[in-house]
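Written out below as structure tokens is the structure these notes cover.
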Amino acid sequence: MQKKSSRLAGFAIGAVAAATLALASSSPAWAVDPIVIGMVTESTGPNAEAGLYQNNGAKLAVDEINKAGGVLGRPIKLITEDNQSTNPGSVLAISKLTSAGNLTALIGTVRSTQIQAISPTVLRARLPMLMGGTDTSLTHVNNPWIFRARPNDSYSAKVIADYGANTLKLKKWAIVYSNDAFGNGGQKALTEALKAYGAKAVVVQGFQSNSQDFTPIVLAVKNSGADIVSTYVANSPDVAIFGKQLRQLGVTAQWVGSPSMSTETALKLAGDALYGSYSIADFTPDSSPEAKAFAQKYQATYKIAPDLYSAWPYDSVKLLALAIKNANSTKPDDIAKALHAIKGYRGVEGVYTFDQHGDGLHGYNVVKNDHGKIVFVKHTDFND
């Protein structure tokens, strides 16, 4: 009887082992062999809220790709490093990621000054990187590994100048900008773009990011007699503080600015100081069916509305997955070539056609703040 029980027990154990082996063999092989993408993000510091949106957008794309079977039969794995919202932190973060030695590609940040700081490391690592910085020079510095998942500021300046001078018919401009790569590049491009419309900047004022008092700048704007204010401000909290002080000191000029004016953070912090203003926006839900579908999925997943900080990382993951699929390879050289070859891909930020510099988008939306709601006005694309 004891021998029979032993035989039955042995049979049961063998059956379980066989079943486990069968399950293991039927599981997809990619479960233990992921395609690894490294991402630098602002998880702490003054831009931590933007970093949260970036993480959410990228993760949503990764989850969708993996649920659909991955890429080349393998899953995407996203690993992140916090840059503490600083340039030195960005250099440390990208160094940690690239020293791991198992990466296929990179995703940078939305800050142009941070991308400038990490560009040499990316060049040495020879890994394709999608990023969200809009300073035009970032993709024009002989670094073939940098690709942009947003429009650059040569386009933003043209759209701001056209809408302010041609549509709103305003000619006396005050330009206020953050004194960094993004702000400096933007204000120079806008100053140049205004010439085509017979408009001019009557005051140009820069400031250091994360400022708390804009009174001298606001008074300069007020005393200049400007009928329109345009801002190139990198951080959304700065937009809110400047906007409140602008209105508190009685400046009623029209306001048309950069995408930071229409972020969820700016809307929450600035309140009615932004009512009636216009901004350019690379992402807005009403600009396309793809953008609207993304906004619905993002809202359902995270219970908050998306903005540009979440849209471009979502597109970045999808673009890298498409390039890997099209190249049928995870080699960095092959992925870079495949990114350059992408034409007419309909992302949530717009329609991507990569040029020789690595710029994928070539236009902007104009949106209006209608009592706290961002309303799509028009889209302008450029073919140059």
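A few comments on the model shown:
- Unit charges at the beta carbon, dipole of the chain: most positive-side option, Val71, Ile241, Val221: Val71
- Derived scalar couplings ³J(HN,Hα) [the stretch 248-254; Karplus, 6.51 cos²θ - 1.76 cosθ + 1.60; whole Hz; x for Gly, Pro]: 4, 8, x, 7, 10, 4, 4
- Remark on Met131: its backbone amide H falls under 5 Å from those of Gly108, Phe147, Arg148, Ala149, a criterion applied only to residues 5 or more positions apart or on other chains, H modelled at 1.01 Å from N.
- Straight-line reach from Lys318: taking Cα to Cα under 14 Å and skipping same-chain neighbours fewer than 8 places apart, the aspartates and glutamates in range are Asp63, Glu64, Glu290, Glu349.
- A full extension of the chain between Ala293 and Asp355 corresponds to an added length of 19.6 nm, given 0.36 nm per residue minus the alpha carbon distance.
- Evaluating 6.51 cos²θ - 1.76 cosθ + 1.60 at θ = phi - 60° for every residue in the stretch 59-65, the Karplus couplings come out as 5, 4, 5, 4, 4, 5, 5 Hz, glycine and proline recorded as x.
- Between Lys172 and Asp227, Ile228, the built amide H atoms are under 5 Å apart, and every one of these is 5 or more places off in sequence or on another chain.
- Under 5 Å between amide hydrogens, built in the peptide plane, is the criterion, and for Ser277 it picks out Asn369 among residues at least 5 positions away or on other chains.
- Contour excess over end-to-end distance, with Cα ends at Asp63 and Asp213 and 0.36 nm allotted per residue: 49.8 nm
- For the stretch 204-253: relative contact order, % (alpha-carbon pairs under 8 angstrom, 6 or more apart): 52 percent
- Rounded tilt (10° steps) of 215-224 against the dominant C-alpha axis of the chain: 50 degrees
- Given charges at Cβ of Lys, Arg, Asp, Glu: the chain dipole, positive-most of Leu170, Gly344, Asn365: Gly344
- Based on Cα contacts under 8 Å between residues 6+ apart, the chain shows a relative contact order of 16 percent.
- Dipole magnitude for the chain: about 860 debye, using +1 per Lys or Arg Cβ and -1 per Asp or Glu Cβ, origin at the Cα centre.
- Histogram of C-alpha separations across the stretch 185-315, 5 Å bin width, %: 2, 10, 18, 21, 18, 13, 9, 6, 2, 0
- Sequentially through the stretch 349-363, phi angles give Karplus couplings (6.51, -1.76, 1.60; θ = phi - 60°) of 7, x, 9, 8, 9, 6, 9, 5, 8, x, 8, x, 10, 9, x Hz, Gly and Pro residues having no value and appearing as x.
- Each Cα pair under 8 Å and six or more residues apart adds its separation to the average, and for the stretch 105-168 the resulting relative contact order is 29 percent.
- For the stretch 37-94, the mean projected area of the C-alpha convex hull, equal to one quarter of the hull surface, is 3.9 nm².
- Note on the chain: antiparallel DSSP beta bridges, both residues inside, total approximately 35 percent of the bridges counted.
- Crossing angle, helix 308-327 versus the chain [Cα axis fit, 0-90 degrees, rounded to tens]: 50 degrees
- Burial ranking of peptide ranges 338-347, 124-133 (average Cβ count within 10 Å, highest at the top): 124-133, 338-347
- Packing-based ranking, highest mean first, of 360-367, 254-261 given that Cβ atoms within 10 Å are counted: 254-261, 360-367
- Which listed pairs, of Lys77/Lys325; Lys195/Lys343; Lys297/Lys337; Lys292/Lys378; Lys158/Lys292; Lys297/Lys325, have C-alpha distances above 22 Å, in listed order: Lys195/Lys343; Lys297/Lys337; Lys158/Lys292; Lys297/Lys325
- FRET efficiency estimate (nearest 0.05) - Cβ-Cβ, Gln254 to Tyr197, R0 22 angstrom: 0.90
- Three-way shape call for the chain based on the alpha-carbon gyration tensor, with the a/c threshold at 1.5: prolate
- Scaling against 2.2 N^0.38 Å puts the C-alpha radius of gyration of the stretch 276-318 at 1.16.
Just so you know, all these numbers are worked out from the coordinates, no wet-lab data involved. Computed from a prediction, not measured in an experiment: that's the story for all the values here. Cβ coordinates were reconstructed from backbone atoms using ideal geometry, including for glycine residues, and neighbour counts include every protein chain displayed.
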